[in-house]
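A.B. asks: Got a structure for you, written out below as structure tokens; questions coming shortly.
A short reminder: the numbers here are calculations on the coordinates, not readings from a lab. Predicted model only: the values in this text are computed from it and were never measured. Glycine gets a Cβ as well: all are built from the backbone with ideal geometry, and neighbour counts include every protein chain shown.
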Amino acid sequence: MAEHGYTPNKDDHLKRLRRIEGQARGLQKMVEEDKYCIDILTQVSAMTRALQSLSLNLLEEHLGHCVAGAIEHGGPEAQAKLTEANAAIARLVKS
């Protein structure tokens, strides 16, 4: 199996994703129970921040491992990885 930039921190990422999953279930329950709108929005904001934090960590690991490795080897793969990273950053900025 290929090692990705996040592989050394995979367990931490999975823990974070499970917490985010729990937040999503909590939001569903809040809506089912007709909780106050602002309380739901507060929880949506917390979940959004958690996803953004995970995204930034994954991006940092990708740049430090996959992109740096491609640049080290040079050739067309290096440019492809840079283009891919730029597109990923653009998607994160838009979200």
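A.B. asks: Which of the aspartates and glutamates could a cross-linker span from K29 if the Cα-Cα distance has to be under 17 Å and same-chain partners fewer than 8 positions apart are dropped?
C.D. replies: Within the straight-line limit of under 17 Å, K29 reaches these aspartates and glutamates: E21, D39.
A.B. asks: Which lysines, on any chain, are close to K81 with Cα under 24 Å apart, when same-chain ones fewer than 8 places away are left out?
C.D. replies: Filter leaves K10, K94.
A.B. asks: Output wanted: per-residue J couplings in Hz (rounded whole) for the stretch 8-19, from phi through Karplus 6.51 cos²θ - 1.76 cosθ + 1.60, θ = phi - 60°, x for Gly and Pro.
C.D. replies: Karplus-based 3J(HN,Hα) across the stretch 8-19 equals x, 10, 4, 4, 5, 5, 5, 4, 5, 5, 5, 5 Hz.
A.B. asks: Another question, if that's okay. Could you work out the relative contact order of the stretch 9-94, using alpha carbon pairs under 8 angstrom and six or more residues apart, expressed as a whole percent?
C.D. replies: Relative contact order here is 22 percent.
A.B. asks: Run the simple label-point estimate for E84 and T42 please: 7 Å along Cα→C-beta, distance reported in nm.
C.D. replies: It is 4.2 nm.
A.B. asks: For the chain, take every pair of Cα atoms, bin their distances at 5 Å starting from 0, and report each bin as a whole percent.
C.D. replies: Here the calculated profile for the chain is 3, 12, 17, 16, 16, 12, 9, 6, 5, 2, 1, 0.
A.B. asks: Between A2 and R25, take the C-beta separation as r, use R0 = 25 Å, and let me know the FRET efficiency to the nearest 0.05.
C.D. replies: Efficiency, rounded to the nearest 0.05: 0.20.
A.B. asks: Still on this structure, please answer the following. Using label points projected 7 Å from each Cα along Cα→Cβ, tell me how many nm separate H13 and E77, to one decimal.
C.D. replies: Here the answer is 1.9 nm between the modelled labels.
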